[in-house]
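Just below is one structure, and these are the notes that go with it.
The values are calculated or read from the model by the stated rules, or taken from the named source; none is laboratory data. Predicted model, so just to flag it, every value in this text is computed and none were measured. Cβ placement follows ideal geometry from the backbone for every residue including glycine, while neighbour counts extend to all protein chains displayed.
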Amino acid sequence: MGSALRPQAPRRDGSRAARPASWPGAPAPGDVGALVLQAHRLLFRHFRTFVGLLALPHAVGFALVLVALRGSPRALVLPLLAAWGVVYLAAWTALIWAIWEAIGGRRVGILRALREVTPGVLGRLLLTHLLAVALLSLALGVLVAILAPLGALAGPVAALLGGAVGAVFVVGAWLLPVLFLPQVVILEGAGGLAALARGRAIVAGRRWRILGFWALFTLLEGLVSWGFSAWPPVQAFAQLVVAPIGAIWVTLLYAEGPRPSGAGPGPRRGEG
């Protein structure tokens, strides 16, 4: 495969590389079957890397359970939980980077992906998600404030209809764009309000398609959790296998979306 068809290798001097306009085997925008097939091919081709990255926070979580069972001092609880949170965030950051490299036809191992995780990227990702949660809470508060007097004045049916319309607005305007925040922050180096605006631009015109994939993955996760509930070890492994599928789907949907303005041939990848 020619180098012109691959995402450029990360640069340690902090500069940003752009991906090409297309890559071999990429699904056509709007082709659901091709996207699902591409996602599963990527999962099986890079199974050890994707599943191994997500196994790291699970291993840390298991260690925390063992520490708790041994009656460790309460003073250690918060530091251990904070450590688990950092590992969890780092693992997902490395996973998104590894998926992007895999889409471009490049092989990447666990250690190589983890080296791309920097404090700048983690901090920007955390702060952007906290901002999204704060704005979502504000939107829900406004919605409840509107529906409460509506139910008293116009009756429960009007309140129910208003709630349905409000829920559609909240999902389309807030929840779906949040799905793409990791890709925007990690691959483009954006953050804060700019990242939220970029997420809305990615979702624009494709809300039903993205919502369908989100609902399908939620159903898949629920079926796996329920189907193996009688065998906790098998359930944990099955969830490890399923979890990367959602990240791959979202990253492929991100790749279909509009490019960031002023980014040249494609999204930028920041070093943090």
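One table, with the values for the structure above:
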quantity: Candidate set from region 107-125 (those that are farther than 14 Å from LEU187 by Cα and surrounded by 15 or more Cβ atoms within 10 Å (Cβ to Cβ)); member that is nearest to the chain's Cα centre (by Cα); calculated: LEU114
quantity: Single condition LEU131 does not satisfy, out of (1) under 26 Å from ARG209 (Cα atoms); (2) modelled with pLDDT of 90 or more; (3) touching a Gly at 6+ places or on another chain (Cβ under 7 Å); calculated: (2)
quantity: Only one of ALA18, ALA26, ALA9 that is in contact with a strand residue (DSSP E or B) (Cβ under 9 Å, 6 or more places away or on another chain), modelled with pLDDT under 85 and under 20 Å from PHE180 (Cβ atoms); calculated: ALA18
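Results for (1) at pLDDT 80 or above; (2) more than 18 Å from the chain's Cα centre (by Cα), shown as yes or no for each residue.
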position: ALA39; (1), (2): yes, no
position: ARG48; (1), (2): yes, yes
position: LEU66; (1), (2): no, yes
position: ARG70; (1), (2): no, yes
position: LEU76; (1), (2): no, yes
position: LEU81; (1), (2): no, yes
